[in-house]
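K.L.:
What follows is a structure written as structure tokens; I'll ask about it next.
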Amino acid sequence: MKLDKVQITQFRNIESATIFPSPHLNVVVGQNGSGKSSFLESLHYLGFGRSFRTNKHKSVIQSAQSQFSVFAECTDHKDEQHKIGIMRNTKDEFLCSINGERSQRLANLVSYIPVQIFTPQSTDMLIGPPTHRRRFIDWGLFHVEQSFYTQSVNYAKILKQRNALLKYQQIGKKIDIAQMDYWSHQLAIYGEKIDKDRQNYISALKIIFKRISEQFLPEFSLEISYNRGWDSETDFLAALQQKLPYDSRIGYTSIGIHKADLKIKADGALAIERLSRGQLRMLVAALQLSQTLHLFEATNKSGIFLLDDIGAELDLDKRQKFIEALLDTNTQLFVTAIEKDHLSFVEEYNDKKMFHVEHGRVNEEQ
Ligand SMILES: Nc1ncnc2c1ncn2[C@@H]1O[C@H](COP(=O)(O)OP(=O)(O)O)[C@@H](O)[C@H]1O
Ligand SMILES: [Mg+2]
């Protein structure tokens, strides 16, 4: 999917902006506080329905205004045109618009555009809690495996029911054993399916990652492993039953795909303990690039990649390597920098557009 036209209104310090991006490289330059990250954040809303900086939707609505909107006209990999958009107001209501139809199902919108982002905080994916890494895997699955979304919504609903029963037991209330059995069986069905999808996805990703990490971090031998969230020797239902006495004591389901994690090792040691900050950033870049490539190879779809403050994040030669590799996968790129010098190598690139941001105004440079 390529964005052909983007219209932003009342989003942070961007009162109103209409831009016609390049399908390839877009460079966004501006002083600190001019609105570069806000611009990327508005595009992030199209791909995720949320910000990458805050959980509070209200804080992105322009001060003294009651709503923001982001609309885009885009072209997909089959050369078909689409119009999509999102609006949110200060009452916390939101609305998506897809080809003229209004919807309140965010999944309808976010399935349109695979958006990825690399920011100064991206190493949280490696350093932070397992949720970050599950989100990483599930983003990829969501865009390549059609059934994944419904499966994971079902899993979450069933987990909630089962946990409610366990909570009852924990506080000493009598529960219906048959009901517990039913939820365990249901949870096992969806859990096993999602686990299989994740395992397949990671196996495919590993092959691409090997190739990419040899280019980006040639000094290390890197290895990804997946912990599915329960004992690798048992099937999920048997594991749930074994754990039932323990789960009844603690009042929730302690195993399952909601506890899964990714481990990345460098020369046999945990990557987060072995690699420097800069090397960890390269590792995240390599992982994200592997996803972009996988998406392209598996579905022929290309996504949108947002790179915020790249100058502060990667050395010049790595910056260039990363951007060139992304452009090779037909990704539409939006890269921000405080100074053009941070991206001096793009001068020789064709098919790019340069934008200048000042006090929330986004202007294309001629
Ligand atoms: N809700 C809002 N309404 C108006 N302005 C805002 C809002 N939220 C943030 N800003 C302002 O938007 C400006 C742009 O911030 P940002 O996009 O982070 O800049 P940059 O990434 O270019 O350094 C900042 O000056 C900030 O104070
Ligand atoms: Mg910024």
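The values are calculated or read from the model by the stated rules, or taken from the named source; none is laboratory data. Predicted model only: the values in this text are computed from it and were never measured. Positions of Cβ are backbone-derived with ideal geometry, glycine not excepted, and every protein chain shown enters the neighbour counts.
K.L.:
For the stretch 340-366, name all the residues that are touching a residue at least 40 places away in the same chain (Cβ under 8 Å) and within 16 Å of ligand 1 (Cβ to nearest atom).
P.N.:
Lys340, Leu343, Met354, Phe355, His356, Val357, Glu358, His359, Gly360, Arg361, Val362
K.L.:
Now, a different point. Go through Arg53, Arg88, Arg102 for me and flag whichever is within 10 Å of ligand 1 (Cβ to nearest atom) and either modelled with pLDDT of 95 or more or farther than 15 Å from Phe305 by Cα (or both). Step through it out loud before you land on a result.
P.N.:
On the way: Arg88 fails: within 10 Å of ligand 1 (Cβ to nearest atom); Arg102 fails: within 10 Å of ligand 1 (Cβ to nearest atom).
Testing whether each residue is within 10 Å of ligand 1 (Cβ to nearest atom) and either modelled with pLDDT of 95 or more or farther than 15 Å from Phe305 by Cα (or both) leaves just Arg53.
K.L.:
Show the residue pairs meeting these rules: Cβ distance below 7 Å; 6+ apart or different chains; first residue within the stretch 99-125 and under 17 Å from Thr150 (Cβ atoms); second residue in a helix (DSSP H, G or I) and of a type outside the set (A, V, I, L, M).
P.N.:
From the stretch 99-125, the pairs are Ala107/Tyr149; Val110/Gly47; Val110/Phe48.
K.L.:
(1) surrounded by fewer than 21 Cβ atoms within 10 Å (Cβ to Cβ); (2) touching a Lys or Arg at 6+ places or on another chain (Cβ under 9 Å); (3) not β-branched (Val, Ile, Thr): which one isn't true of Phe52, the others all being true?
P.N.:
Condition (2) is where Phe52 drops out.
Conditions (1) modelled with pLDDT under 90; (2) buried (at least 21 other Cβ atoms within 10 Å of the Cβ); (3) not in a helix (DSSP H, G or I), marked per residue:
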{"position": "Glu297", "(1), (2), (3)": "no, no, no"}
{"position": "Gly311", "(1), (2), (3)": "yes, no, no"}
{"position": "Lys318", "(1), (2), (3)": "yes, no, no"}
{"position": "Phe322", "(1), (2), (3)": "no, yes, no"}
{"position": "Leu326", "(1), (2), (3)": "no, yes, no"}
{"position": "Phe334", "(1), (2), (3)": "no, yes, yes"}
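K.L.:
To continue, here is another question. Give me the pairs, please: first residue somewhere in the stretch 179-199 and crowded, with 20+ Cβ neighbours inside 10 Å, second residue anywhere and of a type in the set (D, E, K, R) and part of a helix (DSSP H, G or I), beta-carbon distance under 6 Å, and either six or more positions apart or on two chains.
P.N.:
Within 6 Å, the pairs are Trp183/Arg162; Leu187/Arg162.
K.L.:
Quick check on my filter: what residues within the stretch 323-363 are closer than 30 Å to Thr299 by Cβ and within 16 Å of ligand 2 (Cβ to nearest atom)?
P.N.:
Result: Phe334, Val335, Thr336, Leu343, Phe355.
K.L.:
Checking the conditions here, which among Ile255, Ile272, Ile224, Ile264 is of a type in the set (Val, Ile, Thr) and part of a helix (DSSP H, G or I)? Let's see the steps before the verdict.
P.N.:
Working: Ile255 fails: part of a helix (DSSP H, G or I); Ile224 fails: part of a helix (DSSP H, G or I); Ile264 fails: part of a helix (DSSP H, G or I).
Being of a type in the set (Val, Ile, Thr) and part of a helix (DSSP H, G or I) holds for just one of Ile255, Ile272, Ile224, Ile264, which is Ile272.
K.L.:
Tell me, which residue of the stretch 304-339 that is in contact with a Phe, Trp or Tyr (Cβ under 6 Å, 6 or more places away or on another chain) and more than 16 Å from ligand 1 (Cβ to nearest atom) is nearest to Glu41 (Cα to Cα)? Give the steps one after another, and end with the answer.
P.N.:
From the stretch 304-339, those in contact with a Phe, Trp or Tyr (Cβ under 6 Å, 6 or more places away or on another chain) are 306-307, 320, 326, 329, 331, 333; that's our starting set.
Next, only the ones that are more than 16 Å from ligand 1 (Cβ to nearest atom) stay: 320, 326, 329, 331, 333.
Values: Gln320: 23, Leu326: 20, Thr329: 22, Thr331: 18, Leu333: 14 Å.
So, considering only residues that are in contact with a Phe, Trp or Tyr (Cβ under 6 Å, 6 or more places away or on another chain) and more than 16 Å from ligand 1 (Cβ to nearest atom), the one nearest to Glu41 (Cα to Cα) is Leu333.
K.L.:
Which one is nearest to the chain's Cα centre (by Cα) among residues in the stretch 4-36 that are polar (S, T, N, Q) and in a strand (DSSP E or B)?
P.N.:
Asn26
K.L.:
If you don't mind, another one. Please work out if Leu43 is more than 10 Å from ligand 1 (Cβ to nearest atom), in contact (Cβ under 8 Å) with a residue 60 or more places away in the chain, out of contact with any Ser or Thr (no Cβ under 6 Å at 6 or more places or on another chain) and not assigned by TED's automatic domain parsing to the domain that holds Leu141.
P.N.:
On the way: more than 10 Å from ligand 1 (Cβ to nearest atom): yes; in contact (Cβ under 8 Å) with a residue 60 or more places away in the chain: yes; out of contact with any Ser or Thr (no Cβ under 6 Å at 6 or more places or on another chain): yes; not assigned by TED's automatic domain parsing to the domain that holds Leu141: yes.
Judged against the criteria, Leu43 is a match.
K.L.:
To continue, here is another question. Being over 13 Å from the mean Cα position of the chain (by Cα) and either among the aliphatic types (A, V, I, L, M) or not assigned by TED's automatic domain parsing to the domain that holds Met1 (or both) narrows it down to one residue among Ile137, Ile158; which is it? Talk me through it step by step, then tell me what you get.
P.N.:
Numbers: Ile137 fails: over 13 Å from the mean Cα position of the chain (by Cα).
Selected residue: Ile158, the only one of Ile137, Ile158 that is over 13 Å from the mean Cα position of the chain (by Cα) and either among the aliphatic types (A, V, I, L, M) or not assigned by TED's automatic domain parsing to the domain that holds Met1 (or both).
K.L.:
May I ask you to verify whether Ile113 is in contact with a strand residue (DSSP E or B) (Cβ under 8 Å, 6 or more places away or on another chain), closer than 30 Å to Ile202 by Cβ, part of a loop (DSSP other than H, G, I, E, B) and not polar (S, T, N, Q)?
P.N.:
Values: in contact with a strand residue (DSSP E or B) (Cβ under 8 Å, 6 or more places away or on another chain): yes; closer than 30 Å to Ile202 by Cβ: yes; part of a loop (DSSP other than H, G, I, E, B): yes; not polar (S, T, N, Q): yes.
Taking the combined requirement at face value, the residue satisfies it.
K.L.:
Restricting to the stretch 132-149, what's the tally of residues that are over 11 Å from Ile194 (Cβ atoms) and in contact (Cβ under 8 Å) with a residue 60 or more places away in the chain?
P.N.:
Residues in the stretch 132-149 being over 11 Å from Ile194 (Cβ atoms) and in contact (Cβ under 8 Å) with a residue 60 or more places away in the chain: 6 in total.
K.L.:
Note down all Cβ pairs under 8 Å where the first residue falls in the stretch 16-38 and is hydroxyl-bearing (Ser, Thr, Tyr), the second is away from ligand 1 (no atom under 12 Å from the Cβ) and part of a loop (DSSP other than H, G, I, E, B), and they're at least six residues apart or on different chains.
P.N.:
Ser22/Asp351
K.L.:
Oh, and also: Within the stretch 46-80, count every residue that is within 16 Å of ligand 2 (Cβ to nearest atom) and within 16 Å of Ile117 (Cβ to Cβ).
P.N.:
The qualifying residues number 5.
K.L.:
Applying the selection to the stretch 46-92, what residues are more than 22 Å from the chain's Cα centre (by Cα), part of a loop (DSSP other than H, G, I, E, B) and of a type outside the set (Gly, Ala, Ser)?
P.N.:
Gln62, Gln65, Lys78, Asp79, Glu80, Thr90, Lys91, Asp92
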